[in-house]
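Chemist: Okay, here's the structure, questions in a sec.
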Amino acid sequence: MATYRDLLAQVKAEIDEIDAAGARELLDSGDAPLFIDVREEDEWNEGQIPGAVHIPRGFLESRVEASAPDRAQQIVVYCAGGSRSAFAAKSLGDLGYENVVSLSGGYTDWKRNGFPTQLPTTLDPEKRSRYSRHLLIPEVGVEGQLKLLESRVLLIGAGGLGSPASLYLAAAGVGRLGIVDDDRVDASNLQRQIAHSTERLGEWKADSAKRTLEALNPDVEVVTYKERITSENVDRILADGWDVILDGADNFPTRYLINDASVFHDIPVVHGSIYRFEGQVTVFKPHEGPCYRCLFPQPPPPELAPSCAEGGVLGVLPGIIGSLQANETLKLALGIGNPLIGRLLLFDALTATFDEVALRRDPNCPVCGDSPTITEYIDYVEFCAGPAHA
Ligand SMILES: [Zn+2]
């Protein structure tokens, strides 16, 4: 029966190895290969080769495709001393990877040579516990959770859509949430706006939401803007640096303003709207898909615009649509999945059915088209007597 030494020697004869100096040259080259670190979590946490991805040996076969979809790409696999990575290189070869080398001497030799290393930003034990259900998903993991904690999402409105969306984003650990809302909590809001409560009647919605969200998750910083977003303040608010805008406003002037600002600032908008039993969600990502004006170049004349005062809505509907908006926002922040760019998702609460409509970018769009004619903000007249309550 073969001993471990025999087996290792046999595997090493079947794979290609590279020494630390050779690997360093590859790392510094313009076209650096993918470095895969197959050590255990505690070893990884003590330092790693810059840019490496971490796939512990036990998960290599099941997870490698997510990091290395192209089997022809050059891969350097390493462990502490070069033995585990030799077996890993053999496995990758068996999986069809054509260009794999194992770092002989491993991370230990790399470090001994004084080559660059980096320490991972890690999660402290409290965060590991709080986000454990994210850490268990390979597509999120520690790396994804760190991304979320560094993400910044601006919510337009702390009403029906903004309430559930902000609660889920805060719970997920999105590090910075901005809330733009110039309204106060009213009794008629509480049928659906779950970030608020009876004891908060009369408070600013932005302040009420901030209390709710910070109580839910102290990792989240909530920035409030107790103002209505207008052409005057939109650039100032966006200058605070946001990765995604979650639009929960339900009036045309704001919708057009947010759209134009998102194109000018190149920030994706996760758009949601609701009416009675029907809701819709889509993602407007500037220049990758259509914007709102690609679909509706100009707002309807006031006499044709739906009256906001009559806009009844089933209490749970904003919970469903706002949660879908949170889902799209998390995907954008994590860079995973297939966002609703160029796709309008329609939900009918009465039949409990979803439909999807393809949306196309208009090359003649006045704001995101090839020769834009709208290059400054436009304040449209108000369509409703009072503010709309989504
Ligand atoms: Zn457009």
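The values are calculated or read from the model by the stated rules, or taken from the named source; none is laboratory data. What you see is a predicted model; the values in this text were computed from it and never measured. Ideal geometry is used to build each Cβ from the backbone, glycine not excepted, and the neighbour counts take in all protein chains shown.
Chemist: Within the range 106-115, identify whether any single residue is under 27 Å from the mean Cα position of the chain (by Cα) and not aromatic (Phe, Trp, Tyr), and answer yes or no.
Modeler: Taking every residue of the range 106-115 in turn, none turns out to be under 27 Å from the mean Cα position of the chain (by Cα) and not aromatic (Phe, Trp, Tyr).
Chemist: Here's another thing I want to ask about it. Within the range 81-101, can one find any residue that is more than 17 Å from Leu27 (Cβ to Cβ), among the charged types (D, E, K, R) and within 25 Å of the chain's Cα centre (by Cα)?
Modeler: Within the range 81-101, not a single residue is more than 17 Å from Leu27 (Cβ to Cβ), among the charged types (D, E, K, R) and within 25 Å of the chain's Cα centre (by Cα).
Chemist: Which residue is surrounded by the fewest Cβ atoms within 10 Å (Cβ to Cβ), if the candidates are limited to the range 364-390 and must be of a type in the set (Gly, Ala, Ser) and modelled with pLDDT of 60 or more?
Modeler: Ser371
One line per residue, one yes/no per condition, for (1) over 19 Å from Glu46 (Cβ atoms); (2) in contact with a strand residue (DSSP E or B) (Cβ under 6 Å, 6 or more places away or on another chain):
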| position | (1), (2) |
| --- | --- |
| Ala72 | yes, no |
| Val76 | yes, yes |
| Asp94 | yes, no |
| Leu103 | no, yes |
| Gly106 | no, yes |
| Asp109 | no, no |
| Thr122 | no, no |
| Pro125 | no, no |
| Arg128 | no, no |
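Chemist: What strands (runs of 3 or more DSSP E), lying completely within the range 235-301, carry at least 1 residues that are among the acidic types (Asp, Glu) and away from the ligand (no atom under 13 Å from the Cβ)?
Modeler: Of the strands (runs of 3 or more DSSP E) lying wholly inside the range 235-301, those with at least 1 residues that are among the acidic types (Asp, Glu) and away from the ligand (no atom under 13 Å from the Cβ) span 244-247, 278-284.
Chemist: Among the numbered criteria (1) over 25 Å from Gly311 (Cα atoms); (2) surrounded by fewer than 17 Cβ atoms within 10 Å (Cβ to Cβ), which one does Ser262 miss?
Modeler: (2)
Chemist: Same structure, new question: Consider Ala171 carefully, then state whether it is over 23 Å from Gly335 (Cβ atoms) and modelled with pLDDT of 95 or more.
Modeler: Here the answer is no, as Ala171 does not meet what is asked.
Chemist: Here's a follow-up. In the range 330-361, how many residues are within 16 Å of the ligand (Cβ to nearest atom) and loosely packed, with under 11 Cβ neighbours inside 10 Å?
Modeler: The total comes to 2.
Chemist: Looking at the range 87-146, which of its residues are surrounded by 18 or more Cβ atoms within 10 Å (Cβ to Cβ), part of a loop (DSSP other than H, G, I, E, B) and without any contact (Cβ under 8 Å) to a residue 40 or more places away in the chain?
Modeler: Residues satisfying the conditions are Tyr97, Leu123.
Chemist: Here's another thing I want to ask about it. Any idea how many residues of the range 1-44 are part of a helix (DSSP H, G or I) and among the aromatic types (Phe, Trp, Tyr)?
Modeler: 2
Chemist: I would also like to ask the following. Within the range 168-208, count every residue that is touching an Asp or Glu at 6+ places or on another chain (Cβ under 6 Å) and under 19 Å from Pro318 (Cα atoms).
Modeler: Adding up the residues that qualify gives 3.
Chemist: Select from the range 182-192 the residues that are buried (at least 19 other Cβ atoms within 10 Å of the Cβ) and free of Cβ contacts under 8 Å to residues at least 40 places away in the same chain and list them in ascending order.
Modeler: Val185
Chemist: Next up: Checking the structure you have, find out if any residue of the range 230-241 is free of Cβ contacts under 8 Å to residues at least 12 places away in the same chain and acidic (Asp, Glu).
Modeler: So far as the range 230-241 goes, yes, one or more of its residues are free of Cβ contacts under 8 Å to residues at least 12 places away in the same chain and acidic (Asp, Glu).
Chemist: Tell me which of these Trp44 doesn't satisfy, since it passes every other one: (1) modelled with pLDDT of 95 or more; (2) within 21 Å of Lys111 (Cα to Cα); (3) of a type in the set (Phe, Trp, Tyr).
Modeler: Checking Trp44 against (1) modelled with pLDDT of 95 or more; (2) within 21 Å of Lys111 (Cα to Cα); (3) of a type in the set (Phe, Trp, Tyr), the one that fails is (1).
Chemist: Can you tell me which residue is nearest to Val313 (Cα to Cα) among those in the range 338-356 that are within 13 Å of the chain's Cα centre (by Cα) and touching a residue at least 12 places away in the same chain (Cβ under 8 Å)?
Modeler: Residue satisfying both the conditions and the ranking: Leu340.
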